[in-house]
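**Student:** So that we are looking at the same thing, I have put the structure below in structure tokens.
Read the figures in this text as sums done on the coordinates, not as results from a lab. This structure is a prediction, so every number in the text was calculated from the model and none was measured. Reconstructed Cβ throughout: ideal geometry from the backbone, glycine too, with neighbour counts over all protein chains shown.
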Amino acid sequence: MLKTLLAATALTLSFPALAQMDAAALRDAALKDDVAWDITEGITTEIGPRLAGTEAEARARAWALRKLTALGFSNVRNEPFQMQTWVRGVETAEVLAPFPQPLALTALGNSGATPAKGIEGEIAYFPTLAALEAAPEAQVRGKIVFVSHAMTRTQDGSQYGAYGAVRRTGPATASRKGAAAILIRSVGTDYHRNPHAGGTGFPDGVKPIPAAALSIPDAEQLERILKREQPVRLKLTLTPRQVGMTESGNVIAEVPGSDPAAGLVLVACHLDSWDLGTGAFDDAAGCGIVTAAAKRIMDAGQPRRTIRILWAGAEEVGLFGGKAYLETHGGERHALASESDFGADRVWRVDFKLPDSAAAVADRVTTALAPLGIGRSQQRAGGGPDIAALVRTGIAAIDLKQDGTRYFDLHHTPDDTLDKVDPVQLRQNVAAWTAMLAVVANAPEDIGPVK
């Protein structure tokens, strides 16, 4: 009994912040949070769209530096890096025959350009990316390729990985086979006449060709036209351009911990957005969520571990901010990393990647999250886009998984605007993140590398 009492006393003396922070009380208070909404509303109203590498993203970084400083965080700074920047231009398409009509579309990031007057060509249709990959070059050469897919809504967003390949690799595949251009069905799930933006890539030696996403109603309209079994000719005009190397950057702020040797807890989001909407769901809300939670821990007292906030730049166009962070900070002692980048709807599941020595941390986090309706899964946490490379080096991670049922209705579209954010669900996110940070940032256990 005496040994137990002495051990408990030593724990309290070694980690006073642990005794001061009541994860349940902090969680419940966060259900009335306004900071996350204030940040989300501020970015989307005062900055709007924030295409990576542009003047708008630079204004967003300046805004973020002012906001994080005003909120009381320490070591607030911008860490700039250079990137190749692409901007869109004119975007039009119309069926010329057999049934003339316009189509709604948007260029994919890194798309090549048509001449200013556009191009005309016959459509070569493929119902799947696999069908395009299997097609002989003669079926593709000189034509405007159109590739469809069958993505549907899921709570965990898992179909994005599979069907997103049509956007990520479809254009390069079409180019290798000699296509004049490519259209894809938008990688999304909504039936508004809103095309979904998103990046694509052309490896070295592969010519960038004009590449665009049709809105889902327009993609289905084009499929119906093709089913009439008449040749379909289309005029396409896309005039995006590469503007060369410009500056992006990561905005960083910290809540200093009392024990530097315990490692830091990284909480991330991304500041840039696509330029069709105002980037509320993707990802101003994520920045609001992680920042509001970190502020609640800061206001409750000094945590054991430093909490570092990362508002990553240039995520949408190639994860450049995450890569720059890893290059600059990968050698530092990170205890754990986590990211919010899947909208603003409620957290419903938590995934862990922790060493065996921190199994009790996962148990305490699970207990703290349960009153919010969040269940523990058996899946291994992988981290969000900006921290995944860091997590793959062996850093522990916790994923607070948001309900993605409607995420791909809004993702990368003109509909990604503030009115889509539900304040009640946003606060539930803040409560979940606050509870998680209260446990993790103060845990007495060593949270070391994970094999």
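**Student:** If one takes the longest principal axis of the Cα atoms in the chain, at what angle in degrees, from 0 to 90 and to the nearest 10, does the Cα axis of helix 216-226 lie?
**Tutor:** Result, in degrees: 30.
**Student:** May I pose another question? Quickly estimate the mean residue ellipticity at 222 nm for the chain, helices only: each DSSP H run with n ≥ 4 gives -39500 (n - 2.57), and the total goes over all residues, rounded to 500. Provide the component values of the computation, followed by the final result.
**Tutor:** Numbers: 17 runs with 155 residues, N = 451.
Per the formula, -9500 deg cm²/dmol.
**Student:** Convex hull over the alpha-carbon atoms of the chain: what's its volume per residue in Å³? The partial results should precede the final answer.
**Tutor:** Working: hull volume 62.2 nm³, N = 451.
Once divided by residue count, the hull of the chain is 138 Å³.
**Student:** Figure the gain on full extension for residue 406 and residue 363 (residue separation times 0.36 nm, minus the Cα-Cα span) and round it to one decimal in nm. Could you put the intermediate results ahead of the total?
**Tutor:** Values: separation 43, 0.36 × 43 = 15.48 nm, distance 2.99 nm.
Between residue 406 and residue 363, full extension yields 12.5 nm more.
**Student:** On to the next question. Which shape class, rounded, prolate or oblate, goes with the stretch 298-451 when its Cα gyration tensor gives a ≥ b ≥ c as root eigenvalues, a/c under 1.5 marks rounded, and past that a/b bigger than b/c marks prolate? Could you put the intermediate results ahead of the total?
**Tutor:** Numbers: a/c = 1.71, a/b = 1.19, b/c = 1.43.
Oblate, since a/c reaches 1.5 and b/c is not below a/b.
**Student:** Give me log10 I(q)/I(0) at q = 0.26 Å⁻¹ for the stretch 299-346, Debye formula, one equal scatterer per alpha-carbon, no solvent.
**Tutor:** Evaluating at q = 0.26 Å⁻¹ gives log10 I(q)/I(0) of -1.11.
**Student:** With equal scatterers on the alpha carbons only and no solvent term, can you work out the Debye log10 of I(q)/I(0) for the stretch 89-239 at 0.10, 0.13, 0.14, 0.16 1/Å?
**Tutor:** -0.29, -0.51, -0.59, -0.79
**Student:** Cβ under 13 Å from residue 169's Cβ, residue 169 left aside: what net charge do those residues give with Lys, Arg +1 and Asp, Glu -1? Please report the intermediate quantities before stating the final value.
**Tutor:** Values: positive: 167, 168, 176, 177; negative: 133.
With Lys, Arg at +1 and Asp, Glu at -1, the neighbours total +3.
**Student:** Next question, about the same structure. Take the alpha-carbon centre of the stretch 201-268, take the same for the stretch 283-314, and report the distance between them in whole Å.
**Tutor:** 27
**Student:** Of the beta bridges DSSP finds with both residues in the chain, what % are antiparallel, to the nearest 5?
**Tutor:** Rounded to the nearest five, the antiparallel share is 55 percent.
**Student:** Would you please put 281-294, 256-269 in order of how densely packed they are, using the mean number of other Cβ atoms within 10 angstrom per residue and starting with the highest?
**Tutor:** Per-residue mean Cβ counts within 10 Å order the peptides as 281-294, 256-269.
**Student:** Mind checking which lysines have their C-alpha under 22 Å from residue 177, skipping anything on the same chain fewer than 8 residues away?
**Tutor:** Those lysines meeting the cut-off are 143, 207, 235.
**Student:** What lysines sit close enough to residue 32 to cross-link, taking a C-alpha to C-alpha distance under 29 Å and skipping anything fewer than 8 places away on the same chain?
**Tutor:** The reachable lysines, counting only those whose Cα sits under 29 Å from residue 32, are 67, 295, 401, 420.
**Student:** Still on this structure, please answer the following. Where does each of 344-353, 120-129, 136-145 land if you order them by average Cβ count within 10 Å, highest first? Before the final figure, lay out the partial values.
**Tutor:** Values: 344-353: 22.0, 120-129: 18.1, 136-145: 16.3.
In descending order of packing, they fall as 344-353, 120-129, 136-145.
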